[in-house]
1. Could you grab me the full set of residues in region 28-64 that are in a loop (DSSP other than H, G, I, E, B) and either among the aromatic types (Phe, Trp, Tyr) or touching a helix residue (DSSP H, G or I) at 6+ places or on another chain (Cβ under 6 Å) (or both)?
2. Taking region 1-45, which residues are hydroxyl-bearing (Ser, Thr, Tyr) and open to solvent by 100 Å² or more (accessible area, probe 1.4 Å)?
3. Give just the number: which of (1) within 19 Å of the chain's Cα centre (by Cα); (2) on the phi > 0 side of the Ramachandran plot does residue 20 not satisfy?
4. May I ask you to list the residues in region 16-45 that are β-branched (Val, Ile, Thr) and at pLDDT 90 or above?
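The values are calculated or read from the model by the stated rules, or taken from the named source; none is laboratory data. Given the structure is predicted, the values throughout are model-derived calculations rather than measurements. FYI the Cβ positions are ideal-geometry reconstructions off the backbone, even for glycines, and counts take in every protein chain you see. Ligands, DNA and RNA are stripped out before the accessible areas are found, and what is left, the full protein with its side chains, is counted by its heavy atoms. Shrake-Rupley method; radii C 1.70, N 1.55, O 1.52, S 1.80 Å.
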Amino acid sequence: GRTELVRSSRDLNPATASIADELSKQYTLGYASSLERDGRWHDIRVELRNRSYRVRARRGYVAS
């Protein structure tokens with residue numbers, strides 16, 4: 001995620017418009033690992049061919 005700073009009431013409309021715009025252009029990608037649940041940290045790396053897109057993803061997960 002990201003943070004929208006709203007310091008006054010005049011900042012509220014642009015902030016909510018920005019959030020609504022972003023939410024209308026995103027999706028969630030899921031992955032089920034076939035590896036054993038070993039309780040350890042596993043890195044995740046997301047790569048895109050088109051660099052004009054922006055990715056916000058976890059850096060990894062604990063396989064518990």
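1. We begin by selecting, within region 28-64, every residue in a loop (DSSP other than H, G, I, E, B); these are 28-40, 44-59, 63-64.
Within region 28-64, 31, 53 meet the criteria.
2. Going through region 1-45, the residues hydroxyl-bearing (Ser, Thr, Tyr) turn out to be 3, 8-9, 16, 18, 24, 27-28, 31, 33-34.
Matches in region 1-45: 3, 9, 27, 28, 31, 34.
3. The number of the failed condition is (2).
4. Of the residues in region 16-45, the ones β-branched (Val, Ile, Thr) are 16, 19, 28, 44.
Listed by number, the residues that qualify are 16, 19, 44.
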